[in-house]
1. Return the pair list, or none, for Cβ contacts closer than 6 Å from residues in region 45-58 that are more than 18 Å from W106 (Cβ to Cβ) and modelled with pLDDT under 90 to residues that are of a type in the set (V, I, T) and part of a helix (DSSP H, G or I), at least 6 apart or on different chains.
2. Taking the stated definitions as given, is R94 touching a residue at least 24 places away in the same chain (Cβ under 8 Å) and either on the phi > 0 side of the Ramachandran plot or not assigned by TED's automatic domain parsing to the domain that holds I59 (or both)?
3. Name the pairs: first residue in region 146-174 and in the same structural domain as Q130 (by TED's automatic domain parsing), second residue outside any helix (DSSP H, G or I), Cβ to Cβ under 8 Å, at least 6 apart or on different chains?
4. Can you give me the ranges of the helices (runs of 4 or more DSSP H) entirely in region 148-191 with at least 2 residues that are farther than 13 Å from I131 by Cα?
5. State which residue is farthest from E161 (Cα to Cα) when the search covers only region 106-129 and only residues that are over 19 Å from the mean Cα position of the chain (by Cα) and in a helix (DSSP H, G or I).
6. Looking at (1) modelled with pLDDT of 90 or more; (2) acidic (D, E); (3) more than 30 Å from F121 (Cα to Cα), which one does D37 not meet, given that it meets all the others?
Amino acid sequence: MLRTIKRLNRIEKSVDALRVHLEYSRPDMKVTRAPMDNPKRDVKAAILSDVMSLSSLKIREQLGLTRKWKRPQDHSTTLKREDATTRAAIKRGRALLEHFYGAEEWRRKVARMCAKRAEWFELEDQPKAQIYYLLAEARGTSMAEEEHSASQDGFDQLLDEWIAAWERDDEQAANQIGDMDPRFSVARRQL
């Protein structure tokens with residue numbers, strides 16, 4: 001029975017290898033490999049580039065990509081302020097996004113995300129407004145509606161207490177206040 005299981009495992013591996021070969025091989029390739037090693041990472045790189053306007057070096061840091069230098073003195077990436085590996089990942093990710101959404105739709109999505117990001121940064125020094133913004137996004141309402149609702153049911157005062165607790169670095173009090181109303185967890189999930 002054990003020999004049969006081992007034999008089946010070997011057959012399964014060889015069938016998988018044949019499938020990969022048939023799926024990804026080309027006449028000009030010596031080694032068969034998938035067209036993209038990590039499409040999720042490439043899409044994140046494209047989003048960080050297109051929406052956040054980060055440089056390839058910053059994106060490399062954010063995604064935790066490491067660079068192996070051929071020679072210790074070969075730090076041209078640092079001098080150029082550009083990373084070719086990350087730039088290629090951005091290009092592959094953008095191609096995937098444009099293929100999925102269409103080039104024009106992807107550009108519209110980028111414009112909307114950039115606009116939302118700008119709205120968020122306008123509220124940078126207003127934590128109360130940021131919470132209302134997050135609640136409005138989660139619930140599909142407006143900030144004005146959220147503020148009006150909060151003033152009606154007392155959430156406005158609770159929010160003031162919560163912000164004051166965070167500003168004085170009293171995490172325990174902030175968590176206790178946060179447990180008193182489900183809107184705090186809704187806002188946290190939006191972050």
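1. S56/T86
2. No.
3. The qualifying pairs are F155/D181; L158/M180; L158/D181.
4. 155-167, 171-178
5. E122
6. Just one mismatch for D37, condition (1).
The values are calculated or read from the model by the stated rules, or taken from the named source; none is laboratory data. Just so it is clear, the structure is predicted and the values come from calculations on it, not from any experiment. So basically every Cβ, Gly included, is an ideal-geometry build from the backbone, and we count neighbours across all protein chains shown.
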